[in-house]
Amino acid sequence: MSALARLLRPRTVALVGGGLLDQLVDSCRQIGFAGEVWPVNPHRRQVSGLRCFPALEDLPSPPDAVFLAVNRRRTIEAVETLARMGAGSAVCYASLFAEHGEDGSGHQRRLVEAAGGMPILGPNCYGLINALDRVALWPDQSGCHPVPEGMALISQSGNVGLNMTFQRRRLPVSHLVSVGNQAVVGIEDVMAELLEDPRVKGIGLFLEAVRDPGRFLDVTLRALSARIPVVALLVGKSRRGAEIARSHTASMSGMADAYRALFDRGGVIGVSTLPELLETLAVMVGAGPLPGNRIVSMSCSGGEASYVADLADGRHLDFAPFPQGQQRSVSRILDGRVAVGNPLDYHTFIWDDRRRLEQLFGEVMAGPQDATMLVLDVPEAKGDFSAFRKTARAMIAAGAACGQPAPGVSRLPGNPARRGARARGGGGVAGLPENLSGEVARELADGGVTAVRGIEEALAGLEAAVRWGERVRAGAPHYPAPVPPPGHRTIHLNEVQAKARLASWGVPVPRGAAAPAERLGAAAEEIGYPLVVKVLGFDHKTERGGIRAGMATPRDLDEAVTSMSEGYQGLFLVEEMVGEVVAELLVSVRRQWPVGWLVTLGGGGVLAELLDDLAHFLAPVGRGEVVEALETLRVGRLLAGYRGGAPADLGVCATVICNLVNGALGDGDVVEMEVNPLLVTASEAVAVDALLSVTH
């Protein structure tokens, strides 16, 4: 048995504490734990009818897992004792460790030293529940109950994890693990152990930070290969600006974008809310990684059909029309009384006709789409909802007739990962989240139809299943380059110094020269007109009136310098102008510790701020990735030759961008680099402005 297996599947548990001992014992009993439970307290003889031991040393044998509900000092002492005894693991409930600042961090280091190699969950955590093997090292109530299989939830917040167990969405929760400060056992370690259990069908994460991005990617790629969906909700984004970021345009991007890029690499689906986390996980487990994005929606209301279409707008989902043959068949079933479209409004005249409903749903689900959804509200309310239930049962029967998985498996029917079936997935979706009775949800699940609370949640889940399928087919990604932590001192190079670096990396820069005002004329003659003149020493020159372009004559240059010299005594930079520009791009690379080197691409100049037209990667990046990103950005229309304009050579552009990224990573002292704009012509890409920060 592995070290973490003793924690997650213990045969003997010790419970150490005072006021929480009774609740801890009750949690073990309520979940049905079959192993030995040993309370420990020097002042009690019994706890809830169980013998209470005065000290850890008095236990019959070294326990597999121990819950420590004592203060910080006693927690460290107990961990040291347990490690010496050969215990399997410990859950540390106490707080005031690293989350409490530098003083707490020192205590956490002592805790880790006391543990030696023994796994510790926490500190500052609620513990764990394993509903598969009936284990509860948990000091509170919970909504978990024994299940044969299900989805695991791992949370850095014990209270959020607790609240998720009370969900009424009939999502079978196999595990709830609260990791707290991750002093020893991290999210990645728990995920790796859970992936060894075939009963775990999906993993949901509530995150504040990833402790080890490389290990996280290793584990999530294992999940991707095993077709186990991983869905993550990252919180704290608004507080996590990069410590090293300057007021550059690209600094609008930050830790959240770095995490999104990391999630993309590992096939992890990022979400924004707790309901979306739970429903997306349910849909992905039900649908599997979809082979395409063709979706059909059915409802008995034109308003609902329009509502689905509106909510799907802008998503990576294709509600394509029915093929002509299928359209005719559907029309015949509906007596020609319905305009057949997708989303389909099949009206209410067959509402109570189970045979016609089954025939309609079967015909629709036999189409070439990758998933089918039925919008149906069946509330838990007084009244006769038998006709509503007929519709739900017709969906189950139609799915079964299409060669669906056996009842009891909560999967969208026709999951292409099973039995080589065609992709004819089906799911029942309530228009309002509260309008799906638990009984009907359970009947749908038992019949192989995924029940989803909310149309928007269903669409988000289907889009996630599409993205997941694309990531499965994409193959192995690049691993992020390791990023050193920011240094204590950062130096900002001026534009001339920065461009010299860029040129050494193989990045084209304009010919130019820096000189005082009285010597600019000679430098300009050597470079040749037309040219650009700039002041040195400011990052945002445009806002300060520190740049003039299109200087065609010495007189133009003199007038510009005279105007720009007011209140300025420094050097000027004159450069050749880049003509026939197709588009302006922004490219930045910066250390986003600890996640990786964050690469940002987007429209350059003021477009970066106005359009929010950005793509993010973790370095290294390949030319193919860069070309694909440029084509999907809105500025990509300019690069392709907008309204008859000359197209850019995307291959050349991608090579220059890769040189920028590789140069920044290779020099060793680069903290942040931004080129804005990178001027793209039909045949080249030239860095005409650059900001570069280095460690010292």
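Observations on the structure shown:
- Scan of segment 173-193 for residues that are buried (at least 24 other Cβ atoms within 10 Å of the Cβ) and out of contact with any Pro (no Cβ under 7 Å at 6 or more places or on another chain), ordered by number: Ser174, His175, Leu176, Val177, Ser178, Val179, Gln182, Ile187, Val190, Met191
- Matching residues, segment 296-322, being outside any helix (DSSP H, G or I) and open to solvent by 60 Å² or more (accessible area, probe 1.4 Å): Asp313, Gly314, Arg315, Asp318, Pro321
- Residue in segment 476-491 that is in contact with a Gly (Cβ under 7 Å, 6 or more places away or on another chain) and more than 25 Å from Ala654 (Cβ to Cβ) present: no
- Every pair of residues 6+ apart whose Cβ atoms lie under 6 Å, when the first sits in segment 285-297 and is within 19 Å of Leu171 (Cβ to Cβ) while the second is modelled with pLDDT of 95 or more and assigned to a strand (DSSP E or B): Val285/Lys201; Val285/Gly202
- Pairing residues of segment 9-30 that are touching a residue at least 40 places away in the same chain (Cβ under 8 Å) with residues that are of a type in the set (Lys, Arg), at Cβ distances under 8 Å and at least 6 apart in sequence or on separate chains, gives Leu21/Arg44.
- Residues that are at pLDDT 95 or above and in contact with a helix residue (DSSP H, G or I) (Cβ under 6 Å, 6 or more places away or on another chain), drawn from segment 145-172: Met151, Ala152, Leu153, Ile154, Ser155
- If you go through segment 126-167 and keep only what is aromatic (Phe, Trp, Tyr) and over 16 Å from Cys28 (Cα atoms), you end up with just Phe166.
- Enumerated helices (runs of 4 or more DSSP H) restricted to segment 534-648, each holding at least 2 residues that are touching a strand residue (DSSP E or B) at 6+ places or on another chain (Cβ under 7 Å), among the hydroxyl-bearing types (Ser, Thr, Tyr) and under 30 Å from Glu518 (Cβ atoms): none
- When each of Gly506, Gly537 is tested for being at pLDDT 90 or above, closer than 23 Å to Gly604 by Cα and surrounded by fewer than 17 Cβ atoms within 10 Å (Cβ to Cβ), the lone residue that passes is Gly506.
- The residues in segment 199-217 that are open to solvent by 10 Å² or more (accessible area, probe 1.4 Å) and either in contact with an Asp or Glu (Cβ under 8 Å, 6 or more places away or on another chain) or assigned to a helix (DSSP H, G or I) (or both) can be counted, and the count is 7.
- Once segment 1-33 is narrowed to residues that are in a helix (DSSP H, G or I) and of a type in the set (Lys, Arg), the residue that is least open to solvent (accessible area, probe 1.4 Å) is Arg6.
- Sole exception among (1) open to solvent by 60 Å² or more (accessible area, probe 1.4 Å); (2) without any contact (Cβ under 8 Å) to a residue 60 or more places away in the chain for Leu650, by number: (1)
- Among the residues listed as Pro405, Pro413, the single one being part of a loop (DSSP other than H, G, I, E, B), touching a helix residue (DSSP H, G or I) at 6+ places or on another chain (Cβ under 7 Å) and modelled with pLDDT under 85: Pro413
- Answer from Gly448, Gly506 - the residue that is in a loop (DSSP other than H, G, I, E, B), closer than 30 Å to Met673 by Cα and of a type outside the set (Asp, Glu): Gly506
- Checking each residue in segment 484-503 for being open to solvent by less than 40 Å² (accessible area, probe 1.4 Å) and in a helix (DSSP H, G or I) picks out Glu495, Ala498, Lys499, Leu502.
Per-residue answers, yes or no, for (1) closer than 30 Å to Pro484 by Cβ; (2) open to solvent by 50 Å² or more (accessible area, probe 1.4 Å):
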| site | (1), (2) |
| --- | --- |
| Ala515 | no, no |
| Val533 | no, no |
| Arg548 | no, yes |
| Glu584 | no, yes |
| Val589 | yes, no |
| Leu611 | no, yes |
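Every residue, every condition in (1) closer than 30 Å to Asp667 by Cα; (2) under 43 Å from the mean Cα position of the chain (by Cα), yes or no:
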site	(1), (2)
Arg501	yes, yes
Leu536	yes, yes
Ala549	no, yes
Asp556	no, no
Tyr568	no, no
Phe572	yes, no
Met577	yes, yes
Arg591	yes, yes
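The values are calculated or read from the model by the stated rules, or taken from the named source; none is laboratory data. What you see is a predicted model, and the numbers here were worked out from it, not measured in a lab. Positions of Cβ are generated from backbone atoms using ideal geometry, with glycine treated the same way; all protein chains shown enter the neighbour counts. Surface accessibility is based on the protein's heavy atoms, side chains included, excluding ligands, DNA and RNA. Shrake-Rupley method; radii C 1.70, N 1.55, O 1.52, S 1.80 Å.
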